[in-house]
Amino acid sequence: MDLFISKIKLKEDVTQEDVWELIVQWLKGSQHYGISEVQHYCDEYSEQILNSKKLSVLSTQFYDENILACRFDNKEDNNIWYTSIIFSEKNNNKSVCIKLSCESSNYAAMLPKLHKPHIIKMLFDYGYCYENGIFPIIDKPIILKNSDVELCAKILNGKVETDLPVVFVSYDTYVPGYDVNIEQLAIKLSGVAHVLVEPDKKFTKELRIKSQDKNPYNGYIGIYFPLTDYHEIISYREHFKNGILDKQSFENSIRYTAQRAVINHANIFDWSWDKLIVELHRKKIATESENAYRSKQELNEYVNAFDAENTQLKEQIAVLRKELDDKNAILELLKRGHSDENAMSLKHDIESYFIDEIRDCVLSVLQISLSKIQEGTRRYAILKSIIDNNELTGVGLQLYKRMEEALKEKSLQQRRKKLEECGFELEKGSHDKLFYHDKKYSLTLAGSPSDYRNSKNALSDILKLIDIYKKF
């Protein structure tokens, strides 16, 4: 079963020997393998046993394409891990395809934990990755400029080819910034995808028009494949705990979705280890006599190679079917949850200033109203059912707490910075004037942040205007 696939374009000056030396350093440098020496390959195909682990090497040429392919077999408990590394060179275009697979004697439909081979990090450390494309292949986030809007719209609409798939991080206008650690995400997805990062909300508005609404926004993440219509939008909503976003959980979801998408969209025409072995036997058959062609051993190896790939494809289909069944089950639940009997849609034409603000406001009012309604009545039963089956997200409560902390800040510069992070716009002066998204939600602050009473009064004033949880 395939767990990880990545195809990385390399710089023109990277040679086959460079890649071989990288493989040797990877094997000898790992504390898990206990390998002290690796013999240099010499024949077209060779195998060597390294501390009870097997390394197979194929070095040849197929259809004017130079190939160096290695497969490392490592058995651990009930699992056999296969790492294949295939370097190919044709017309001075060079790339390396890295795949991690696993076979288990105790096979289950659930995937083992996603794992990225360490050799990918070494490709970046050695500076082998191609950097002259539309976007460089790097292990850092690519911060877009406002002049990149047109290009991004073409990428999101499948009109431009990039060297890797694109993970697009949108700017969160609720709490200005990003809802995931972009530096850490870029490292985790290095060699898997370009991590493109929106600079501000102005970029979001322009891109939304030019991409025909295919862009994520307000902190959502989008995954796009070059020259295809495929795109997937990932939400952070299910990663809130007690009103606080669990950024690590959100990052894990992005990584999982991106890596599974890469596996499911792998190019069937790219070389795999099994395809190379089949091609090697076909090449031998073509150059040997009729008797060699009918050799039982050659024929068995030919068939076994196909059987191995077929088994792997069946396992992959089983996983995809399970994922499809799971998604269909979720879709069915969503359909039920949004039927006329179980849900209602309240129309409004007001902008939400933070996540689930309007939903939380309605729930809060219902909770307060319940105490005013006679028990045993139908109205009481309906409202209580809605309250019992819908929890407050609580993002507003966390936001108010951050406002209080900002107003307690003794440094004027820090106070301004923290208030802006809460969504306020400032008119700076001897007495700062604050606007919360709209000028009708405004107040004026004292010139000195050290005036505690004024800060307390300022918080009370702004909460009178924007507190959606306030009691009657």
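The values are calculated or read from the model by the stated rules, or taken from the named source; none is laboratory data. Just so it is clear, the model here is predicted, and its values are computed rather than measured. Here Cβ is always computed from backbone atoms with ideal geometry, including for glycine, and neighbour counts include all displayed protein chains. In case anyone asks, the SASA skips ligands and DNA or RNA and just uses the protein heavy atoms, side chains included. Shrake-Rupley method; radii C 1.70, N 1.55, O 1.52, S 1.80 Å.
Across segment 158-176, what is the number of residues that are under 19 Å from the mean Cα position of the chain (by Cα) and open to solvent by 30 Å² or more (accessible area, probe 1.4 Å)?
Matching residues across segment 158-176 total 2.
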Can you work out which of the residues in segment 346-389 that are farther than 30 Å from Tyr178 by Cβ and of a type in the set (Gly, Ala, Ser) is farthest from the chain's Cα centre (by Cα)?
Gly376
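Quickly run through segment 24-41 and pick out the residues that are polar (S, T, N, Q) and within 33 Å of the chain's Cα centre (by Cα). Full working, then the answer.
Of all residues in segment 24-41, those polar (S, T, N, Q) come to 25, 30-31, 36, 39.
The answer is Gln25, Ser30, Gln31.
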One residue is enough: does segment 224-246 have a residue meeting the conditions in contact with a Cys (Cβ under 8 Å, 6 or more places away or on another chain), open to solvent by less than 90 Å² (accessible area, probe 1.4 Å), farther than 22 Å from Gly191 by Cβ and outside any loop (DSSP other than H, G, I, E, B)?
no
Filter segment 132-154 for residues that are open to solvent by less than 90 Å² (accessible area, probe 1.4 Å) and assigned to a loop (DSSP other than H, G, I, E, B) and give the result.
Gly133, Ile134, Phe135, Pro136, Ile137, Ile138, Asp139, Pro141, Leu144
Wholly inside segment 247-362, helices (runs of 4 or more DSSP H) that include 3 or more residues that are open to solvent by 40 Å² or more (accessible area, probe 1.4 Å), out of contact with any helix residue (DSSP H, G or I) (no Cβ under 7 Å at 6 or more places or on another chain) and at pLDDT 80 or above are 247-264, 273-287
Determine whether Gln39 is open to solvent by 10 Å² or more (accessible area, probe 1.4 Å), closer than 26 Å to Val278 by Cβ and without any contact (Cβ under 8 Å) to a residue 12 or more places away in the chain.
yes
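Which is surrounded by 13 or more Cβ atoms within 10 Å (Cβ to Cβ) and over 24 Å from Val278 (Cβ atoms), of Tyr33, Tyr82, Tyr45?
Working: Tyr82 fails: over 24 Å from Val278 (Cβ atoms); Tyr45 fails: over 24 Å from Val278 (Cβ atoms).
Only one candidate qualifies: Tyr33.
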Just for segment 57-79: of the residues that are free of Cβ contacts under 8 Å to residues at least 60 places away in the same chain and polar (S, T, N, Q), which one is least open to solvent (accessible area, probe 1.4 Å)?
Asn74
